Each structure stands twice: as C-alpha cells, then as structure tokens.
Number of protein chains: 2
Amino acid sequence: MLRNDYPGQNCSAAATLELIGERWTLLIIRDVLSGARRFDQMQRSMGVARNVLAGRLDRLVEEGILERRPYSMNPPRDEYFLTEKGLDLWPVLVALISWGDKHAAPDGPPVVIVHKECGGRMNDRRICERCGKQMTVRDARGVPGPGAVAQAAA
Amino acid sequence: MLRNDYPGQNCSAAATLELIGERWTLLIIRDVLSGARRFDQMQRSMGVARNVLAGRLDRLVEEGILERRPYSMNPPRDEYFLTEKGLDLWPVLVALISWGDKHAAPDGPPVVIVHKECGGRMNDRRICERCGKQMTVRDARGVPGPGAVAQAAA
C-alpha cells in the first residue's frame with residue numbers, strides 16, 4: 001500500500017495512483033469502456049479472483065468513478081457505468097495503450113482507436129490524424145489492429 | 001499479481017501495466033524525471049521501504065526503462081537515468097497528473113508543466129497553449145502551481 005498521508009508528496013500523479021493505481025482498476029475501466037459492464041463479463045475478461053474484483057468495483061463506486069445501475073431485480077444484478085470523473089481517465093488508458101503498442105506489442109497494436117465520425121486513426125495526443133479533431137472518449141471507437149489479426153491467425 | 005499469460009488479453013494497456021503497473025514504479029519515473037536520480041533522494045521523496053525501492057529499480061533496469069551510471073566508485077554508488085523507452089512513459093505521467101489536478105487537487109495543481117522555450121502552459125494533449133508546439137518531454141519543465149503555493153502558506 002502507498003501511504004495515505006504522502007509525507008512531502010504534494011503531487012497529482014501520486015494522488016491519482018492512490019485512487020486508481022492498483023492494476024486491476026485500470027483494466028476494469030478499460031472493460032467498462034469497451035462495453036463489458038457486468039461482473040461476470042469482467043471476471044472472465046480479466047481472469048481476476050471474484051473477491052478482488054468485487055472489492056475494486058466497490059472502491060470505484062465509492063470514489064465516484066463508476067456507478068451501478070440494476071439491470072435485473074430477481075436475481076438482483078447491476079451493470080457498471082463510468083461517471084464523468086471515470087470517463088476523464090480515458091487519457092490515462094490511451095497513454096498506457098500507446099506505450100504498450102510501441103514497446104510491448106511485437107505483432108503490432110491489438111486495438112487501433114479510430115474517430116467514429118470520419119474513421120481516421122487517433123494519435124497519441126488524442127487527435128484524429130485524418131480530420132484533425134481533438135477527440136474525446138465519446139468520439140473514439142476501438143477496432144482490431146495488426147496485433148489482433150496476428151493473434152487470430154496463430 | 002496480474003497473471004503473466006493474460007488469457008484472452010491481447011491488450012497493450014494490460015501489457016503496459018504488467019511492466020509499470022506497480023504504483024511505486026511510476027513515482028520512481030516521476031522522481032527521475034524531476035532530477036531525483038539517486039537512491040536516497042528517491043527513498044526520501046517517496047517514503048518507500050528500501051528493499052521495495054531496490055527491487056523496483058532492478059526491475060526497471062532489467063526492462064530497459066532505466067539505466068544505471070556510477071557517480072562514485074568508493075563507495076560504489078549509481079545514478080538512474082531514463083532510457084528512450086523510459087522517457088516514452090512521460091505521457092502516462094502527464095495523463096495521471098492531469099486527472100489528479102482535476103479530481104484530487106482541491107487547492108489547484110501542485111505543479112504546472114510549461115514549455116521551456118516560450119514559457120506557455122502545456123495542456124493535457126501535451127501541446128503548448130501559447131505557441132501551439134506539440135511538446136515532448138525534453139520541451140517540458142515543471143514549476144510550482146497554485147496547489148504548491150497553498151501548501152507552502154499552510
């Protein structure tokens with residue numbers, strides 16, 4: 001655990017990592033962004049222990065990053081949605097993905113982010129390379145990239 | 001621990017988190033970027049246990065993110081520098097800082113990143129708001145922001 005009091009640490013990076021630094025947390029946000037809103041979908045996608053996932057989801061709801069909305073009453077089941085505060089984490093994911101595409105994806109990017117409106121590819125400053133729009137998360141869509149094709153062929 | 005084999009996870013975000021997802025790791029990179037290159041400086045800055053810091057530094061050197069250069073032979077002491085692969089993590093830090101500035105810095109940003117050349121403020125797409133330059137890590141300098149002033153006054 002990071003210490004909560006951060007002696008000498010008046011730092012927004014440290015403060016952000018205190019909230020979202022646990023690795024599963026960013027993968028949960030990735031899953032919800034890509035449409036995996038239900039517990040079992042996320043659990044399958046990540047292969048994480050159920051109690052760990054449940055704990056992380058509780059924390060993200062408490063922090064106002066995710067919100068729960070019931071989709072079934074009997075049995076009671078919830079879906080998870082990103083709040084605006086949660087959607088603001090999209091640039092963190094984009095930065096992680098960009099680095100991984102360059103340094104940890106030998107077959108090329110598994111996913112390429114494109115601009116929904118014009119189909120152009122988004123660069124690592126979140127700008128559409130075709131039309132120049134400064135994109136938000138709502139403009140973005142992920143499509144399979146060369147790395148996904150290589151994996152499917154293997 | 002994240003599983004290393006990532007069943008069903010062909011994902012650059014997951015791959016990046018596997019390398020740098022541990023929270024101290026990004027704080028080490030922050031410290032080295034801000035000039036804290038020596039073990040004792042980092043240890044003081046972070047208040048992290050020495051064995052944990054030593055392990056993280058070893059891992060980052062193995063991964064080619066940091067490199068060691070001796071600055072003293074007797075006793076033997078090293079400084080740490082970011083490789084190009086390590087410098088490529090700057091956008092991840094920028095994204096974490098931007099989110100923290102907005103959601104976890106009640107007194108305002110502790111640090112503001114400015115463009116060395118023109119003094120303009122950098123926005124969260126790493127573009128200088130004064131001259132429009134698409135900035136790299138080498139163009140950037142951190143200066144105390146409103147949050148740092150508030151802390152100093154308290």
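The values are calculated or read from the model by the stated rules, or taken from the named source; none is laboratory data. This one's a predicted model, so the numbers in the text were calculated from it and none came from an experiment. Cβ sites come from the backbone with ideal geometry, for glycine too, and all protein chains shown count toward neighbours.
Descriptive notes on the structure:
- Of the residues in the range A:52-63, at least one is assigned by TED's automatic domain parsing to the domain that holds A:Ile28, more than 15 Å from the chain's Cα centre (by Cα) and not in a helix (DSSP H, G or I).
- Residue in the range A:128-139 that is within 9 Å of chain B (Cβ to nearest Cβ), touching a helix residue (DSSP H, G or I) at 6+ places or on another chain (Cβ under 9 Å) and not small (Gly, Ala, Ser) present: no
- Complete set of residues in the range A:69-104 that are in contact with a helix residue (DSSP H, G or I) (Cβ under 6 Å, 6 or more places away or on another chain) and basic (Lys, Arg): A:Lys85
- Test for B:Ser72: is it within 11 Å of chain A (Cβ to nearest Cβ) and either in contact with a strand residue (DSSP E or B) (Cβ under 9 Å, 6 or more places away or on another chain) or of a type in the set (Ser, Thr, Tyr) (or both): no
- The range B:117-134 residues that are assigned by TED's automatic domain parsing to the domain that holds B:Trp99, paired with ones that are among the polar types (S, T, N, Q) (beta carbon under 7 Å, 6 or more apart): B:Asp124/B:Ser98; B:Arg125/A:Gln134; B:Arg126/B:Gln134; B:Ile127/B:Gln134; B:Glu129/B:Asn123
- Number of residues in the range B:23-50 that are assigned to a helix (DSSP H, G or I) and buried (at least 17 other Cβ atoms within 10 Å of the Cβ) equals 15.
- All positions within the range A:37-51 that are more than 11 Å from every other protein chain (Cβ to nearest Cβ) and either of a type in the set (A, V, I, L, M, F, W, C) or under 22 Å from B:Ala95 (Cβ atoms) (or both): A:Phe39, A:Met42
- In this structure, B:Asp107 does satisfy being facing another protein chain (nearest Cβ under 9 Å) and surrounded by fewer than 17 Cβ atoms within 10 Å (Cβ to Cβ).
Table: residues versus (1) more than 14 Å from the chain's Cα centre (by Cα); (2) surrounded by fewer than 17 Cβ atoms within 10 Å (Cβ to Cβ).
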{"residue": "A:Ala95", "(1), (2)": "no, no"}
{"residue": "A:His115", "(1), (2)": "yes, no"}
{"residue": "A:Gly119", "(1), (2)": "yes, yes"}
{"residue": "A:Arg125", "(1), (2)": "yes, no"}
{"residue": "A:Lys133", "(1), (2)": "yes, yes"}
{"residue": "A:Arg141", "(1), (2)": "no, yes"}
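- Qualifying residue in the range A:79-93 (condition: surrounded by fewer than 17 Cβ atoms within 10 Å (Cβ to Cβ), polar (S, T, N, Q) and out of contact with any His (no Cβ under 7 Å at 6 or more places or on another chain)): yes
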